[in-house]
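The values are calculated or read from the model by the stated rules, or taken from the named source; none is laboratory data. Note that the structure is a prediction, hence the values are computed from the model and not measured. As a convention, Cβ positions derive from the backbone with ideal geometry for all residues, glycine included, and neighbour counts pool all protein chains shown. Just so you know, the surface numbers come from the protein's heavy atoms only, side chains and all, with ligands and any DNA or RNA stripped out. Shrake-Rupley method; radii C 1.70, N 1.55, O 1.52, S 1.80 Å.
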Amino acid sequence: MEPMRNRRRVGTFRLLLAFTVGVASIVVGIYAHRQHQPYENGTSATGTVTGVKRDVSSDGVTYGRIFTFTTPNGRKVSVAESEYRSARPDVGASVQVSYLKSDPRSARIVETSLLMPVTFIGMGALVTLATLVTFVSRRPQ
C-alpha cells in the first residue's frame, strides 16, 4: 500500500510542476506580446537599426538590435534592445518605435508579429488544460 501512496505523491508533484510550467509559459507569452506594443501614452517615431549586439553562449550566437531615432525636438537617441534573437538583424532596416516623452531611452520596437507570444500562450494553455484534466480525472471518487 505504501508504494502506491508514494507513486501518487510523485504523480501529483509532476502534475503541479507541469501546471506551473504551463502558467509560466502563458505569463511569458503575454509579457513578450506587451513588450512589442506601443506605450499607452507614448510617442511614436520611425527609427533605424544602426548596430548589432552579439552574445555568444553555449547555446550559440544570438543578436540584439541597436536602433536610433530622432525626437520631435531634434535629439538623436540610440537604444540597445534587451531582447536577443538567433537571426542577425539587418543594419539600416527601418523600425517603428514607441517611447515615453519623458524618457526617450525607454524606447522599444513595435512589432506586429504574434508568432512567438501566441506560441508561448498556446502551448502554456494546452499544458495547463491537460494537467487540470488529468488532475480532475485522477481524483478518487
Using +1 on the beta carbon of Lys and Arg, -1 on that of Asp and Glu, and nothing else charged, what's the dipole of the chain about the Cα centre, debye to 20?
-> 520
Give the accessible surface of the chain per residue, rounded to a whole number of Å², with probe radius 1.4 Å and ligands, DNA and RNA excluded.
-> 69
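Out of segment 17-51, which chymotrypsin sites (Phe, Trp or Tyr not before Pro) are coil in DSSP terms and have no more than 10 other C-beta atoms within 10 Å? Please list the in-between numbers first.
Values: sites: Phe19, Tyr31, Tyr39; in loops: Tyr39.
Counting only loop positions with at most 10 other Cβ atoms within 10 Å, none of the chymotrypsin sites (Phe, Trp or Tyr not before Pro) in segment 17-51 qualifies.
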Trypsin sites (Lys or Arg not before Pro) restricted to DSSP loop in segment 33-100 with at most 11 other C-beta within 10 Å | Arg75
Which entry is the computed Rg/Rh (Cα atoms, Kirkwood Rh) for this structure: (i) 1.20; (ii) 1.29; (iii) 0.94?
-> (i)
Once phi for every residue in segment 86-99 is put through the Karplus expression 6.51 cos²θ - 1.76 cosθ + 1.60 (θ = phi - 60°), the whole-Hz ³J(HN,Hα) values, with Gly and Pro written as x, are 7, 8, 6, x, 8, 5, x, 5, 8, 9, 8, 10, 10, 8
Given Leu15, Ile30, Ala125, which one lies farthest toward the positive end of the charge dipole of the chain, if we put +1 on the Cβ of every Lys and Arg and -1 on the Cβ of every Asp and Glu?
-> Leu15
Between segment 14-37 and segment 62-128, how many Å separate their Cα centres?
-> 20
